[in-house]
């Protein structure tokens, strides 16, 4: 098996696949008492897909069988820095009126995507809109949103793997690495 790399750079492993799985299970145990089976898990595409898949299965092991939907928001494109705006590429498909929504994303840095997703979910009539990220990176200024649930307080590094990418590459790594 070839080493994963982008332009010859191999990521430094920060969280192993086993550590990622343990954090997802622990987070599901925290979330399960706050939601019900009528909750809609709203995955933020594309990066949140890996975490949302694992988290919804972990919630099932906790006895919570949530519904699933997705929002495709874009604020980065293939760039390393946010473009400063959030484009909705695909909207919600499932009714949220009166339901609890659990918005799931891979990472929060600027908070732009997560904040926009919460606004869209509330506009769709959700009674509660919880936010959940796997990784929370430090940010130099206050964000518009603080996630309700965080699996890992990440370092201020360029993260890849487990949904996080370098211009679309390395999302599928089962671990989280740094590429800096």
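The values are calculated or read from the model by the stated rules, or taken from the named source; none is laboratory data. Note that the structure is predicted; figures quoted are calculated from it, not measured. Here the Cβ is made from the backbone with ideal geometry for all residues, glycine too, and neighbour counts use every protein chain on show.
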Next on the checklist: Just checking, does the range 33-41 include any residue being under 21 Å from residue 62 (Cβ atoms), modelled with pLDDT of 95 or more and part of a helix (DSSP H, G or I)?
Outcome noted: yes
Next on the checklist: Looking only at the range 158-173, count every residue that is surrounded by fewer than 16 Cβ atoms within 10 Å (Cβ to Cβ), in contact with a strand residue (DSSP E or B) (Cβ under 7 Å, 6 or more places away or on another chain) and in a loop (DSSP other than H, G, I, E, B) and tell me the total.
Outcome noted: 1
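For (1) at pLDDT below 95; (2) assigned to a loop (DSSP other than H, G, I, E, B); (3) buried (at least 20 other Cβ atoms within 10 Å of the Cβ), each residue gets a yes or a no:
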| position | (1), (2), (3) |
| --- | --- |
| 76 | yes, yes, no |
| 83 | yes, yes, no |
| 119 | yes, no, no |
| 126 | no, yes, yes |
| 135 | no, no, yes |
| 180 | yes, yes, no |
Checklist entry - Looking at the range 62-69, is at least one residue touching a strand residue (DSSP E or B) at 6+ places or on another chain (Cβ under 8 Å), surrounded by fewer than 21 Cβ atoms within 10 Å (Cβ to Cβ), in contact (Cβ under 8 Å) with a residue 40 or more places away in the chain and in a strand (DSSP E or B)? => result no
Next on the checklist: Just to be sure I understand the filter: pairs with C-beta atoms under 7 Å, separated by 6 or more residues or on different chains, first member in the range 151-180 and without any contact (Cβ under 8 Å) to a residue 24 or more places away in the chain, second member assigned to a strand (DSSP E or B). Which pairs pass?
Outcome noted: 153/136
Next on the checklist: Going residue by residue through the range 21-30, is there one that turns out to be modelled with pLDDT of 95 or more and assigned to a loop (DSSP other than H, G, I, E, B)?
Outcome noted: no
Checklist outcome for this item: residue 122: passes all of (1) under 21 Å from residue 70 (Cα atoms); (2) in contact (Cβ under 8 Å) with a residue 24 or more places away in the chain but (2)
